[in-house]
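The values are calculated or read from the model by the stated rules, or taken from the named source; none is laboratory data. A quick note: this is a predicted structure, and the numbers were derived from the prediction, not measured. Cβ atoms come from the backbone with ideal geometry, glycine included; neighbour counts cover every protein chain shown.
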Amino acid sequence: MKFYDFNSYRASYVKDKILLTMKLTLLLSLTVLMQVSASTYAQNKITLSRTNASLERVLKAIGKQSGYDLVYISSTIKKANPVNINVDRLSLEETLQKVFINQPLTYSIKNKTITVKISKVELPSPLEMILMNDAAGKVLDETGQGIPGATVKVKRSGQVAITDSQGKFAIKGLLNDDILVISYVGYNTQEVKATNNVLIKMVPAAMELGGDVVIVGYGKQKKATVTSSVAQVTREEINSTPGASLQNMLTGKVTGLTTLQRTGQPGNDAAQIYVRGVSTLSGFSTAPLILVDNIEYELSQFAMIDQNEIENVSILKDAASTSIYGIKGANGVILVTTRRGKLGKPVINVRSEVGLNLAISPFKALGSYDAALLRNEALANDNEKPQFTPQDLELFQSGTDPYGHPDINWYDKVFGKSAIQTDHNVDISGGTEKVKYFTSIGYLFQDGLFNKLEYKGAMPVPDKSPINTNYYFKRYKFRSNLDIDATPSLKLSLDLNGTFSEKNAPDVGNLGFQMTQYEYVNAYAYPVYNPDGSFGFANPAVFSPRDGMNSVAAIVALSGYNRNFNNFLSANFSAVQKLDAITKGLSLKGLFAYSNNNAATRTLSRGAIPSFYYNPTDGSYTPKDINVYRVAPLSLSYTGAGADLPAKIITYQGILTYQRTFGDHDVAGLLLYNRSSKIVAAKPPNNFLGYTFRGTYNFKEKYLFEVSGAYNGSSNFTSQKRYTWFPAVSAGWNLSKESFMEHAIPFMEMFKFRGSYGYTGSDDIAGYQYGYESFYSNGSGYNLGETANAFPTIFEGKLGNNDVTWATERKANIGLDFSMFGGKLSGSFDYFDNFRDKILINRQTVPAAYGVPKETLPPVNLGAVSNKGFEIELTHKSRIGSLGYSIKTNFSYAKNKIVFMDEPEVDPSKPWQRGTGLSVGLAKKYIWTGQFYSQEEVDNPAVARPPGTIKAGWLKYQDLDGNGIINKEDMAYVGNPNVPNTVIGTTIGFDYKGFSLSMLFQSNLNGESYTGFDSAVPFKTQLQEFHKDRWTQETANTATFPALTTTFAGTYMNPSGNLSTFWATSTNFLRLRSAEIGYRVPKGFADKLGLNAVRIYANGYNLFTISDFYKRYQFDPEVASDVYGYVYPTTRLINIGLSVTLK
């Protein structure tokens, strides 16, 4: 490094001036050539400790460590104040900022040269000097705690103060109109007027986009100028809900989003998601388009995103926001923006959580005594002899004969009470003016509820190594987002992301289903263990398990596993070149993205496990299988990913953007070229090509206008039907910006009307990638000629249709956004009217006499669905002294209607049989009258009834056509679909001196579910509590379940094929979806620990639920319809966590 003192050249001015010019020219040339990285100076770490040292000495020490040259005038630098500094591995820029605090000098860095110069300070006038005053105050974090070490700078003079350990500062000699600039790492820089006793509450940088900026497709817009319908969730809101799947963390927090968590199984617990309900016919995808940093993700990959990586999530709902996605935007769009580095020294965050998952509604079967009583009663109703004697019943009740008369709760034996879940993350972020970075790694573990029963048999197990046969899920994550300002006009970004998961399930076949089935196992079937430790089995005289199923205990104890390994990798490289040389505000972005998803399964299985019936009378043991006396060894096998993996997606994008302000006029534009190819296993690639545009204009943020659209093509269709336009237009009027409003209602910051209209589409063709092609398949051999010579044949399958094309959705939306009283009260209202037509369906009205099976008919674009609704969001937040509070309520309603589905004509006198005009997903049902047949009605032939056997106490249905016979003609489309049409969420929050509390209450309304006979019919499913409320002569007026019969599944009451409103049950619920209580350790105490910030918290998910659904079924109300026997229980998560920011 070199030190240049300009005073040393004055002795021989002319000669030295020439030499100086030559040297400086050479110096500048060399430094330009040697500048290989825009962030070089930021990579130098300075360690220095000096007390009352001269500025010159300190700068020379810095120059030696950094390798930077130093240029200064010695006579000037000697006027500097003494320097006190103590830094350890601090960047060059941050070190110099500390060195020049309260100095009459300043500095600049250019081409690896530090130049020291006199500060240009505007001197106050004599009058201003008289009016000078002092300023003092306190800088607070978002919880009200003081921030030590924050920088407070006078904007006019550059004078700087650093806050003390309590966040306090004081500056003397300020003018009345001076502005203070407050900055601190991890927080947004703020400017306030210099006054005495001022309190400045800093806003975390992560919360920035939750305020004034909204993420929209391929860009950002100020909230005040948005004319489309967009909902946004911040990282802070997401993190308040614990869990393993991102979908679940969004539930109840925004309008227009419906989530249904169908199961709690580790690795499969992610909720189904809908944006503004359902707008298509059954059988088609309702999943929204999901983009993570503008790269398309599948729903399963979306579930794997770690909340620690997320900056915010936006839900785009109307045409103005989704039309730019063309044929992919009909179901709505979800945008995920991941975190990026910010200017400042490295910030390291560590988050660690541990929790317990507990089943919300564990399966409860009746004990042996109650089950035996009901069994005898059913046999009596069938005029059969009782299976159990009074002595049997007494032994079941007393429990004195555990081997001959067992009473086993098999669910409690197979499933435990709780399972552990852990989640750990470390991230580091920071950057300089040239390079910014964010890197995160994470590990998640979800254990399952499956118990591991012990093997106690005499014969040894051939496998000595223990194996994990429980359900579990492991996820390893990493993300690296790097931004480089290669030149002042060129920015490069490289994003790398990886997810490696391992999902385990016991290799027990259909044990989960069989365990709930009476025909496979029940409370009195057999004991867990025999006296000698062997596994118990059934007494053939009492119970014979269906399909010869082995002991549940044997299967659980010695089974193997099915272990799925899934890898997902993605890379995203982009470059943004400013084109200000052409015109200010113009830039060009190029992007290339690649993702790959693959999987494989490892299976350990066991063929034979011995079990025995023990006769307590004579002490004998009878094997279940006379050929099985020892435990078979495990066998190992591997399977590939299947027909849908590996999956690769390659994306190319070119984006030309323009944004400029001309006085009161703001204009912006976007042109996008987008091409992607999805290659799934050995299937032909699915190609997409799109051209997108968007133009926006606003005048003083008062009058707003936007036009957008996309011209898209998909390889799913023929070239003649491959491309089309999807345009949209929107406008807004911010009434609060009008002068008459500003004077009449000054407390109203925003009162904005907006509306949009346009088109989006869907290329979902329900599994037929090339719907225009006919399909042919190999058939059996055919004999030709005089001798029997078989020749191969082919036969025609699905017919093609050259006119197959995309479905189109027309979206109309009107809305209102408002904010008043300094943001203390805000909200929005939206009304939408969507109409989707040209939905691809199979014809249902072609007569069978044509000789063409319906399943081979070509698909046609005929279906149509209307979907209308409204959304309301209200937020109130304020502070009373140190207490802050907020309440946010959102209400979403979406009601759909089938307009056309090619339904066969029905008898005009039986309109209840017509599904057209009703909601998507409605099931046809008999209508239960709420009564049971009495014996008098059974004996009266004039009473309407179904054909076949009918007995007193059986379900009584309405005879809709009045012909005295209850049959399929009396089934009607009634009730509600499974997906609710109303969703309500209310979040309540408090904070007080470092403490915080939040609660999210969420409700789904107007949905219903029903189960198949395996989950409800007695003696198919295990007998349950609601079966005890059966009809008898004594309970005829109070019964809620029909009279028992051992052949229930063979009657007209069987819900499989004869569904009735008796079985369909409302899934309405009110749930404490999540709650969190936390404490942020005071900054001073954190400093003593050597940490920058510490937060301790406890939170929970699915904490409490009120629903009538539990009165009938032992499933969660979010379960799907027509449940087949068994669903892994939805769980309640109780979680504690620690979040630490290192210094």
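Side notes on the structure shown:
- All positions within region 314-349 that are hydroxyl-bearing (Ser, Thr, Tyr) and buried (at least 24 other Cβ atoms within 10 Å of the Cβ): SER321, THR322, SER323, TYR325
- Segments classed as strands (runs of 3 or more DSSP E), wholly inside region 630-740, with at least 1 members that are within 30 Å of ILE555 (Cβ to Cβ) and touching a Lys or Arg at 6+ places or on another chain (Cβ under 7 Å): 634-639
- Those residues of region 170-191 which are within 14 Å of GLY158 (Cα to Cα) and among the β-branched types (Val, Ile, Thr), in sequence order: ILE171, ILE179, VAL181, ILE182
- Filter result for ALA231 (closer than 30 Å to TRP733 by Cα, in a helix (DSSP H, G or I) and hydrophobic (A, V, I, L, M, F, W, C)): no
- Once region 430-480 is narrowed to residues that are part of a strand (DSSP E or B) and among the aliphatic types (A, V, I, L, M), the residue that is nearest to SER501 (Cα to Cα) is LEU444.
- Considering region 543-554, the residues that are in contact with an Asp or Glu (Cβ under 9 Å, 6 or more places away or on another chain) and either in contact (Cβ under 8 Å) with a residue 60 or more places away in the chain or assigned to a helix (DSSP H, G or I) (or both) include one that is surrounded by the fewest Cβ atoms within 10 Å (Cβ to Cβ), namely GLY548.
- Number of positions in region 921-931 that are at pLDDT below 95 and either among the aromatic types (Phe, Trp, Tyr) or under 21 Å from ASN834 (Cβ atoms) (or both): 2
- Residue that is surrounded by the most Cβ atoms within 10 Å (Cβ to Cβ), among those in region 270-302 that are in a helix (DSSP H, G or I) and out of contact with any Leu (no Cβ under 7 Å at 6 or more places or on another chain): GLN301
- Single match in ASP991, ASP970, ASP1014 (criterion: under 18 Å from ARG375 (Cα atoms) and of a type in the set (Asp, Glu)): ASP1014
- Extreme residue, modelled with the highest pLDDT, among residues of region 853-886 that are loosely packed, with under 15 Cβ neighbours inside 10 Å and β-branched (Val, Ile, Thr): ILE880
- All positions within region 887-908 that are surrounded by 14 or more Cβ atoms within 10 Å (Cβ to Cβ), assigned to a loop (DSSP other than H, G, I, E, B) and in contact (Cβ under 8 Å) with a residue 60 or more places away in the chain: MET901, ASP902
- Total residues in region 1094-1117, condition surrounded by 17 or more Cβ atoms within 10 Å (Cβ to Cβ), modelled with pLDDT of 90 or more and farther than 19 Å from TYR471 by Cβ: 10
- Looking only at region 977-1013, and only at residues there that are within 30 Å of GLU519 (Cα to Cα) and aromatic (Phe, Trp, Tyr), the one that is farthest from the chain's Cα centre (by Cα): PHE1013
- Test for SER314: is it among the polar types (S, T, N, Q), part of a helix (DSSP H, G or I), under 27 Å from ASP833 (Cα atoms) and touching a residue at least 24 places away in the same chain (Cβ under 8 Å): no
- Each residue in region 53-85 was checked for being within 53 Å of the chain's Cα centre (by Cα), in a helix (DSSP H, G or I) and free of Cβ contacts under 8 Å to residues at least 40 places away in the same chain, and 2 pass.
- Residue count for region 1072-1089, restricted to those that are farther than 15 Å from PRO242 by Cβ and either touching a residue at least 24 places away in the same chain (Cβ under 8 Å) or not in a loop (DSSP other than H, G, I, E, B) (or both): 10
- Subset of region 425-453 [of a type outside the set (Phe, Trp, Tyr), touching an Asp or Glu at 6+ places or on another chain (Cβ under 9 Å) and farther than 30 Å from THR1130 by Cα]: ASP427, GLY431, THR432, GLU433, LYS434, VAL435, LYS436, THR439
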